[in-house]
Amino acid sequence: MRYSICFTPPSGDPLSLAAASWLGRNVYSGLAAEHPGLRGLSVHEIAFHTALPRRVGFHATLKAPFRLSEGSSEQALLRELMHFAGTMEPVVLSGLSIGRIGDVYGLVLDRPCPSVDYLAASVVQAFDAYRAPLSEAEIERRNPDRLSAPQFSNLHRWGHPYVMDEFRFHMTLTGPLLARDFPRIEDALRSHFSPVLAEPVVINNLALFVEQGAGAPFVVHSLHPLGRVASRRIA
């Protein structure tokens, strides 16, 4: 079993519902969802291009998937996550929009957001004691020869190359695409997601995701609201 600490909107949020439809799976229930009918892109094409992100579900990774370290337990992890979330404040993601990272599309920020970078770095550090060391096979799957020096250092120190200064907030929506498909996919994504991105997205919780077994789909185990209870009531 593996765990990861992520951001994903609440189950009834319009963005969650739009993402479940696009990806074809609800990350809360684990149930299949019907793909949208979009101009210029068939539901079969959507299903094909979303096969990889469908398994992991709609989320932004803060602490990459990890096995529990020796002596750790799910109960202790949950207690720590609840306490930690109460010490952090919600983050407003201004400028979240459809964008491309290499050959993959997702939701990305069009401007720096120090608050989300700080939150991500804090999560990585606070929960590293719960992470079992990577196996040699897990390290090799990260293609260490292709990593920069900081990324290689992060992989060995924190279990993932794209953390700390290498972190970039993103919520993946496709698998790798051919360049010839970029325009159609981007148009379809903008058509589908623009209505639910009209207002800023707020990170107001941390989500614990669980992968029950190797290759199993990730599902949301629990949500942990950010901020002190009194602050949340005022907000």
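The numbers here are math on the coordinates, done by the rules we state, and not lab data. Keep in mind that what you see is a predicted model, and the values were worked out from it rather than measured. Reconstructed Cβ throughout: ideal geometry from the backbone, glycine too, with neighbour counts over all protein chains shown.
Just flag the trypsin sites (Lys or Arg not before Pro) in the stretch 1-78 sitting in loop per DSSP whose Cβ has no more than 14 other Cβ atoms within 10 Å.
Passing both the DSSP loop test and the Cβ count: ARG39.
With n ≥ 4 as the cut-off for DSSP H runs, can you work out [θ] at 222 nm for the chain, using -39500 (n - 2.57) per run divided by the number of residues, rounded to the nearest 500?
-10000 deg cm²/dmol
Enter the Cα centre distance for the pair the stretch 16-89 and the stretch 138-192, rounded to the nearest angstrom.
16 Å
Would you work out if the stretch 51-136 is rounded, prolate or oblate? Take a ≥ b ≥ c from the square roots of the eigenvalues of the alpha-carbon gyration tensor; rounded if a/c is under 1.5, else prolate when a/b is larger than b/c, oblate otherwise.
It is oblate, given that a/c is not under 1.5 and a/b is not larger than b/c.
Rank ASN143, ASN154, ASN26 by mean-square fluctuation in a GNM of the chain with C-alpha springs under 10 angstrom and give only the top-ranked residue.
Taking springs between Cα atoms under 10 Å, the residue moving most is ASN143.
Starting from the Cα coordinates of the chain, work out the convex hull volume and express it per residue in Å³. Write down the numbers at each step before the final one.
Numbers: hull volume 30.5 nm³, N = 235.
Expressed per residue, the convex hull around the Cα atoms of the chain is 130 Å³.
From the square roots a ≥ b ≥ c of the eigenvalues of the alpha-carbon gyration tensor of the stretch 94-186, which class results: rounded (a/c under 1.5), prolate (a/b over b/c), or oblate? Before the final figure, lay out the partial values.
Details: a/c = 2.48, a/b = 1.38, b/c = 1.79.
It is oblate, given that a/c is not under 1.5 and a/b is not larger than b/c.
In percent, how large is the relative contact order of the chain, given Cα pairs closer than 8 Å and 6 or more residues apart?
34 percent
Assuming a ≥ b ≥ c are the square roots of the Cα gyration tensor eigenvalues, decide whether the stretch 162-208 counts as rounded (a/c under 1.5), prolate (otherwise, with a/b larger than b/c) or oblate.
oblate
Amide H to amide H under 5 Å from SER222: which residues, 5+ apart in sequence or cross-chain, H placed 1.01 Å off N in plane?
Here the answer is LEU208, since their amide H atoms fall under 5 Å of that of SER222.
Out of residues 5 or more away from LEU173 or on other chains, whose amide H comes under 5 Å of its own, with H placed 1.01 Å from N in the peptide plane?
Placed amide hydrogens put TYR105, GLY106, LEU107 under 5 Å from LEU173.
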